[in-house]
Amino acid sequence: MPDLEPVILPARQVKLDDSTPGDGMSLRRALPQSRRPRVGAWCFLDHFGPHDLPTGDPGMQVGPHPHIGLQTVTWLLEGELLHRDSLGIEQRIRPGQLNLMSAGNGITHSEESPQDRGKRLHGLQFWIALPDTVRNGDASFEHHAELPQLAFDGMDLTLFIGNALGEQSPATVHSPLVGLDISLVDGGSRHLPLDGNFEHALLVTEGEIVIDGHSLQPGALLFLPRGNGFVNLANASPARLALLGGEPFTEPLVMWWNFVARRHEEIVAAREDWMSGRRFARETGYAGEAISAPEISARLKAR
Ligand code: MN
């Protein structure tokens, strides 16, 4: 019998980017973890905020930096961000909208709190590993202002990635996945059907939710192994969570800094290309310096 029991994985408190000048915004990194490097092809998850942004606060300022081999998914709960990239895209994002960037063989982007933004910032940044068949393709960017809104058993759901409850997100992905934002306005207890072929993880973003009997608040991820056909969500007061899932992604990944690849040598080459101005543009229109890559201190292993 496969083990179907949930596993609770505390997130790590980290600074937004050690290479960013100034004091980086602190956030909770829920993926990757040594015990759980990924969930389906979801291989990275940062939960930032909620932060108050008084006038004059720079908010989030992540200068130009490169990516390979992944898609970035930006999902806001409060506030606004401005994405700029080396394709020439400049896209503001607000809650309920999706920014999806496919790095392919290489892209440079920056993300910043625009000056005329609201007074709060709260959101999630995910990475999705690209399968080997498409990871060396061209970079691309999608913004989706309209996404499927679902109501089910007293829950309000937005489907930002993949398939759920017979609906499909318009976002382009390359492996079987789901990404849902779930609001529990009224207190209660209900069952959400899951794809039993997927492994899943749930991250509470607001309030407190009892998930399959385990009380969760912001700061931890609850992993549900493949084979679970539903999950029970119970709450006493308004709460919100993100659910991510996918078929187990079996290609071993080498992840380092902003790069996802298969071999150490690919990461070394991407780092050298970034630092020497090959392959990746250094500019996105961001009014600040590009971010330097750290040194690679040891041979990188696939997981
Ligand atoms: Mn990035």
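For the pair Q115 and E251, what calculated FRET efficiency results from E = 1/(1 + (r/R0)^6), where r is the Cβ-Cβ distance and R0 = 30 Å, to the nearest 0.05? Walk me through the numbers on the way to the answer.
Numbers: r = 42 Å, r/R0 = 1.38.
The formula returns an efficiency of 0.10 here.
Apply the Karplus parameterisation 6.51 cos²θ - 1.76 cosθ + 1.60, with θ equal to phi minus 60°, to every residue of the range 273-281 and state each ³J(HN,Hα) to the nearest whole Hz, in sequence, with x for glycine and proline.
Karplus-based 3J(HN,Hα) across the range 273-281 equals 5, 5, 5, 9, x, 8, 6, 9, 5 Hz.
In nm, to one decimal, how far is the modelled label at R262 from the one at N232, with both set 7 Å along Cα→Cβ?
4.4
In the range 227-292, what is the volume of the convex hull around the alpha carbon atoms, normalised per residue and reported in Å³? Provide the component values of the computation, followed by the final result.
Details: hull volume 11.8 nm³, N = 66.
Once divided by residue count, the hull of the range 227-292 is 178 Å³.
Enumerate the whole-percent occupancy of each 10 Å bin, from 0 to the last occupied one, for all C-alpha pair distances of the range 167-303.
10, 28, 24, 24, 14, 1
When the convex hull of the C-alpha atoms of the range 18-155 is computed, what volume per residue in Å³ does it have? Please list the in-between numbers first.
Details: hull volume 20.1 nm³, N = 138.
Value for the range 18-155: 146 Å³ per residue.
If you roll a 1.4 angstrom probe over the protein chains with everything in place, what fraction of the accessible area of the chain belongs to carbon and sulfur, to the nearest %? Don't jump to the answer; show the numbers that get you there.
Working: 6180 of 12950 Å².
Carbon and sulfur: 48 percent of the exposed surface of the chain.
Counting heavy atoms of the protein chains only and a 1.4 Å probe, report the per residue accessible area for the range 181-221 as a whole number of Å². Intermediate results must be reported in sequence, preceding the final value.
Working: 1500 Å² over 41 residues.
With the other protein chains kept in place, the range 181-221 gives 37 Å² per residue.
For the chain, what does the helix formula give at 222 nm: sum of -39500 (n - 2.57) over DSSP H segments with n ≥ 4, over the residue count, nearest 500 deg cm²/dmol?
Values: 1 runs with 13 residues, N = 303.
My calculation for the chain gives -1500 deg cm²/dmol from helical runs alone.
How big is the Cα convex hull of the chain in projection, averaged over all directions, in nm²? Before the final figure, lay out the partial values.
Values: hull surface 60.8 nm².
Projected over every direction and averaged, the Cα hull of the chain covers 15.2 nm².
Explain nothing, just the number: dipole magnitude of the chain about its Cα centre with +1 on each Lys and Arg Cβ and -1 on each Asp and Glu Cβ, in debye rounded to the nearest 20.
On the way: 26 positive and 38 negative charges, 149 e Å.
Here the size comes out at about 720 debye.
Could you give the C-alpha radius of gyration of the range 81-148 expressed as a fraction of 2.2 N^0.38 Å, taking N as the number of residues it contains? Could you put the intermediate results ahead of the total?
Details: Rg = 13.2 Å, N = 68, 2.2 N^0.38 = 10.9 Å.
Dividing the Cα Rg of the range 81-148 by 2.2 N^0.38 Å gives 1.21.
How large is the dipole of the range 94-140 about the Cα centre if only Lys and Arg carry +1 and Asp and Glu carry -1, each at its Cβ, rounded to the nearest 20 debye?
300
For labels at S215 and E167 in the simple 7 Å Cα→Cβ model, what's the distance in nm?
Here the answer is 3.2 nm between the modelled labels.
What distance in nm separates the simple spin-label points at T55 and K301, each placed 7 Å from Cα in the Cβ direction?
Distance between the two pseudo-spin positions: 5.4 nm.
Quick check on packing: order 25-31, 101-107 by the mean number of other C-beta atoms within 10 Å, highest mean leading.
On the way: 25-31: 20.0, 101-107: 22.3.
Ranked by mean Cβ neighbours within 10 Å, highest first: 101-107, 25-31.
At q = 0.09, 0.19, 0.21 Å⁻¹, what base-10 log of I(q)/I(0) does the Debye formula yield for the range 97-232 when every alpha carbon is treated as an equal point scatterer in vacuo?
Once normalised to I(0) and log-transformed, intensities are -0.33, -1.33, -1.48.
Just name one of F223, A236, G96: the one whose Cα is farthest towards the positive end of the charge dipole of the chain (beta-carbon charges, Lys/Arg +1, Asp/Glu -1).
F223
The values are calculated or read from the model by the stated rules, or taken from the named source; none is laboratory data. For clarity, every value in this text was computed on a predicted model and none was experimentally measured. FYI the Cβ positions are ideal-geometry reconstructions off the backbone, even for glycines, and counts take in every protein chain you see. All accessible areas refer to the heavy atoms of the entire protein, side chains included, with ligands and DNA or RNA removed. Shrake-Rupley method; radii C 1.70, N 1.55, O 1.52, S 1.80 Å.
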